[in-house]
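S.K.: Below you'll find the structure I mean.
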Amino acid sequence: MIDTNIIEAQNAAHAADLIKDYDALGEKLSRKGIDIEVIKDRAKGFSVAVPSWGTGTGGTRFARFPGEGEPRDIFDKLDDCGVIHVLTGAAGSVSLHIPWDKAAPADLLAKAEETGLRFDAMNSNTFQDQPDQAQSYKFGSLSHVDAATRAQAVEHNLECIEIGQALGSKALTVWIGDGANFPGQTHMGRQFERYLSSMKEIYKGLPEEWSIFSEHKIYEPAFYSTVVQDWGTSLLTAQELGDKAKCLVDLGHHAPNVNIEMIVSRLIHAGKLGGFHFNDSKYGDDDLDSGTIEPYRLFLVWNELVDAEGTPGLDLSHMIDQSHNVTDPIESLMISAMEIQRAYVQASLVDRMDLAGYQDANDALMASATLRAAFRTDVEPILKMARFEAGAAIDPIMTYRASGYRAKVASERPKVSGAGGGLV
Ligand SMILES: [Mn+2]
């Protein structure tokens, strides 16, 4: 996929500067009693799952402008994900989407072995109709008024579990587009009851060591009401289903200015936080690259997660969920994986003893300054050294561009039609 000689040659050009920068930061951190090696090891241990669907160019409801060398199927997607991991060392797993990524499990496992990847949470799809399906999801899926449609949606989720079991996955993420576009269109109470009873059917089919994640979203495609619209409904669902049910927080699925880090804290308290979909947004569910709009919010979310480390039962799935409309998806996913890793490392620098002291003393100014001191620390040398030592690229973007990977796959993969809009 990527010639290791290119990585080594690129790294050789940056190594001397990196060592100087790393040593200088190490000296600075040591004055605060922080061992840079410990922080670097945390960076090396970090991994976020890449969404298979993120490797293709996305789109809006208006249009989609395909890029060069787009993946044609799941095997091309896994090649692209392998490139992301080889260069960043921070994206060792892939989250599959069924039926988009359907293929023989043995072939998928062989490709994962070849690309050095594992399979993270499975994602079901009952928000669009497939050519061969009997019932339509136009008016809902798991909460549909028609029992046969609900049964079909339940069956699809059970099939996702079955495929995931063959691939070594341990979780199923359920997001539904069910809701209503007009007041009065649905009975909100009965619709939620139908959703819960469908989810109970899926839960019954969950293997012992598996988790099921309920993902909330405030609006879209339903523009008036959504069945699982916020973390309250998601928590209610997870609590009603049982121990294996957790909540998944997608950063883009909230109203503007909602305090997402506080939702994280509450779900941790309830023992129901299961995972994340990272992305960024300015106005709504924009699916922009992580850390490009509100890096401080990303840091504050990680601050809660690092603070909660060691909480019994807390075992989170970290995934990216983005749509790339104007960039090379591989570059956007690499940048995003590194930005999520950066926020994690910065949150690891928070002096929690100091912070707790300021909180208990009602010293709002110093408590806030303690967080910002960690956020303002330029941890780039730590991230680069973690990659360098792991055999990844000190500068993944420049190494990727030097490798000519995109031009190579463009010559092998025929251009996909530009017709049709919508997210993919
Ligand atoms: Mn999501």
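Read-outs throughout are calculated quantities, based only on the coordinates presented, and are distinct from any laboratory measurement. Predicted model only: the values in this text are computed from it and were never measured. Note: ideal-geometry Cβ built from the backbone for every residue, glycine included; neighbour counts use all protein chains shown.
S.K.: At a 10 angstrom cut-off on C-beta neighbours, averaged per residue, how do the peptides 84-96, 130-142, 235-247 rank from highest to lowest?
M.R.: Descending mean neighbour count gives 84-96, 235-247, 130-142.
S.K.: If you don't mind, another one. Kindly put Glu215, Glu389, Glu331 in sequence by how many other C-beta atoms sit within 10 Å of each C-beta, fewest to most.
M.R.: So the ranking, lowest neighbour count to highest, is Glu389, Glu331, Glu215.
S.K.: Along the Cα→Cβ direction, 7 angstrom out, place labels at Thr60 and Glu412. What is the inter-label distance in nm?
M.R.: Going by the 7 Å Cα→Cβ label model, 3.4 nm.
S.K.: If you restrict to DSSP beta bridges whose two residues both lie in the chain, what percentage is antiparallel, to the nearest 5?
M.R.: Antiparallel: roughly 10 percent of the beta bridges in the chain.
S.K.: Okay, next question. When a footprinting reagent is the concern and you count Cβ atoms within 10 Å, what order do His14, His97, His187, His144 take, fewest first?
M.R.: If I rank by nearby Cβ atoms, fewest first, I get His187, His14, His97, His144.
S.K.: With only Lys, Arg, Asp and Glu charged, each at its Cβ (+1 for the first two, -1 for the last two), find how big the charge dipole of the chain is about the Cα centre; round to the nearest 20 debye.
M.R.: 500
S.K.: Given labels modelled 7 Å from the Cα in the Cβ direction, how far is it in nm from Glu201 to Asp354?
M.R.: So the label points at Glu201 and Asp354 sit 5.6 nm apart.
S.K.: Something else now. Return the FRET efficiency for the residue pair Phe75, Glu193: r is the Cβ-Cβ distance, R0 is 35 Å, and the value is rounded to the nearest 0.05.
M.R.: My answer for the efficiency is 0.25.
S.K.: So how far apart, in nm, are the two label points at Phe139 and Gln239 if each is 7 Å from Cα heading toward Cβ?
M.R.: About 3.2 nm separates the two model spin labels.
S.K.: Oh, and also: If r is the Cβ-Cβ distance from Phe127 to Lys282 and R0 is 30 Å, what FRET efficiency results, to the nearest 0.05?
M.R.: After rounding to 0.05, the efficiency reads 0.80.
S.K.: Turning to a different aspect of this structure: Under 1.5 on a/c is rounded, so check that first for region 75-124, then, if it is not, pick prolate when a/b is larger than b/c and oblate when it is not; a ≥ b ≥ c are the square roots of the alpha carbon gyration tensor eigenvalues.
M.R.: Because a/c hits 1.5 or more and a/b exceeds b/c, region 75-124 counts as prolate.
S.K.: Give me the distance between the Cα centres of region 298-316 and region 91-131, rounded to whole Å.
M.R.: Comparing the Cα centres of region 298-316 and region 91-131, I get a distance of 27 Å.
S.K.: Now a separate question. What lysines could a cross-link reach from Lys408, if we take a straight Cα to Cα line under 18 Å and drop same-chain neighbours fewer than 8 places away?
M.R.: Candidates past the 8-residue exclusion: Lys77.
S.K.: Set the bar at 20 Å for Cα to Cα. Now go through Lys217/Lys272; Lys44/Lys246; Lys111/Lys415 and name every pair that lies beyond it.
M.R.: Checking Cα-Cα distances, Lys44/Lys246; Lys111/Lys415 exceed 20 Å.
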